Every structure is written in C-alpha cells, then in structure tokens.
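FYI, it's all coordinate maths here, none of it is from the lab. Values in this document were obtained by computation on a predicted structure and should not be read as measured data. Backbone-built Cβ (ideal geometry, glycine too); neighbour counts: all protein chains shown.
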C-alpha cells in the first residue's frame, strides 16, 4: 500500500494503523500528488490510498490516470468532512 496525504501527522497515523496488521505492507508515502503518482508508477502497490486534496493534484486525478496506466492498482480516495459539513 502507498499512502498519499499532505498532512504528515495523518499520514504517520495511517501508517501506524495499517502496519499493526501483518497482512498489510506500507511500501511508501507521499506528501503531494505528483510524488504519489511517481511512487505508484515505480513501486506498483496493490493499493494507493490518496487524499482528494493533495498539493499539485489530488486523488481523483491520480485515480483517473492509474485507471489506464496501472489498472491492477486499486485507488482509494480519502475525503475529510470540514466543520459545518452536511452529513
């Protein structure tokens, strides 16, 4: 799994959470969309967990690119509710 998020504290928390499961290996982290895409292309993880609003470009763009380039990589795009958001 590759984790892409601009918030380093959140990224570390996700990594720690996933690494507690011996079935999941976190192979890389990225703090912006361009870096995440480059790492996915190089590392070819089974799953890329990316933030929708990363610097340079977000998870939606990464998902669209990888759908054609690396269809075997599953992309999960994270979104966060903001204060006052409707549920």
How far is it, in nm, from the label point at residue 17 to the one at residue 76 when both lie 7 Å from their Cα along the line to the Cβ?
0.8 nm
Comparing 51, 32, 21 in a Gaussian network model of the chain (Cα, 10 Å), the one with the largest mean-square fluctuation is 21
Among [x] 1.09; [y] 1.34; [z] 0.98, the value of Rg/Rh (Cα atoms, Kirkwood Rh) computed for this structure carries the label [z]
Take the alpha carbon gyration tensor of segment 1-48, find the square roots of its eigenvalues, order them as a ≥ b ≥ c, and report rounded if a/c is under 1.5; if not, report prolate when a/b exceeds b/c, else oblate.
oblate
Which value at 222 nm does the chain reach when only helices count, each DSSP H run of 4 or more adding -39,500 (n - 2.57), with the total divided by all residues and rounded to the nearest 500 deg cm²/dmol?
-12000 deg cm²/dmol
Per GNM of the chain with C-alpha springs under 10 angstrom, the most fluctuating residue out of 37, 49, 14 is 14
If 40, 76 are placed from fewest to most neighbouring beta carbons inside 10 Å, the sequence is 76, 40
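Among 56, 8, which comes first, then next, by fewest other beta-carbon atoms within 10 Å? Walk me through the numbers before you get to the answer.
Values: 56 14, 8 10.
Fewest-to-most Cβ neighbours within 10 Å comes out as 8, 56.
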Over the chain, what relative contact order in percent results from Cα pairs under 8 Å that are six or more residues apart?
29 percent
Please identify, among 28, 60, 38, the residue showing maximal mean-square fluctuation in a Gaussian network model of the chain using a 10 angstrom Cα cutoff.
38
